[in-house]
Amino acid sequence: MGELNTKSQKIIFIIQCSVKSDANEFRKWANDRAAKYVFDFKEVKTISYEWYLSDDNKEATLVESFIDSDGAMQRLNNHMSSPIAEEVLQHVDIKKWLVYGNSKQDLIDTLTPFGASFNRHHCGFNHSSE
């Protein structure tokens with residue numbers, strides 16, 4: 001069990017999107033293509049990769065979590081060199097990219113051009129990360 005106010009190195013991405021493609025096409029792509037592709041990388045520092053959809057299927061949110069900033073960079077590097085990178089923008093428009101955690105400078109430098117906003121960890125607890 002975690003301790004109160006232990007310094008966390010975990011990084012969380014919350015990427016809010018508008019769905020551009022047909023709702024059924026997007027759901028199929030996210031499930032059968034994007035999630036499977038990322039899962040098959042077996043990145044040791046990636047904790048989760050999860051898509052969430054609004055009730056009307058017009059808004060999608062991707063939530064990714066990583067053990068640390070290096071794990072987030074590994075995910076980004078793998079993404080940028082994959083065919084999924086081009087496919088993403090066929091299906092969604094990224095509206096907002098939120099990054100939570102103590103990001104290293106290379107992660108900040110990589111995501112700043114995409115309009116990401118950064119929030120450093122302050123305090124709390126997480127029972128699942130121990």
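Computed from the coordinates by the stated procedures, all read-outs in this text should not be read as laboratory data. Keep in mind that this is a model prediction, so the values were computed, not measured. Here the Cβ is made from the backbone with ideal geometry for all residues, glycine too, and neighbour counts use every protein chain on show.
Side notes on the structure shown:
Residue-by-condition table, conditions (1) of a type outside the set (S, T, N, Q); (2) more than 18 Å from residue 97 (Cα to Cα); (3) surrounded by 17 or more Cβ atoms within 10 Å (Cβ to Cβ):
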site: 7; (1), (2), (3): yes, yes, no
site: 12; (1), (2), (3): yes, no, yes
site: 17; (1), (2), (3): yes, no, yes
site: 22; (1), (2), (3): yes, yes, no
site: 26; (1), (2), (3): yes, yes, yes
site: 35; (1), (2), (3): yes, yes, no
site: 44; (1), (2), (3): yes, yes, no
site: 52; (1), (2), (3): yes, no, no
site: 60; (1), (2), (3): yes, no, yes
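- Residue match in the stretch 97-109 (condition: more than 13 Å from residue 11 (Cβ to Cβ), under 14 Å from the mean Cα position of the chain (by Cα) and either touching a residue at least 24 places away in the same chain (Cβ under 8 Å) or assigned to a helix (DSSP H, G or I) (or both)): no
Yes or no, residue by residue, for (1) surrounded by 13 or more Cβ atoms within 10 Å (Cβ to Cβ); (2) of a type in the set (Val, Ile, Thr):
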site: 63; (1), (2): yes, yes
site: 71; (1), (2): yes, no
site: 89; (1), (2): no, no
site: 94; (1), (2): yes, yes
site: 109; (1), (2): no, no
site: 114; (1), (2): no, no
site: 125; (1), (2): yes, no
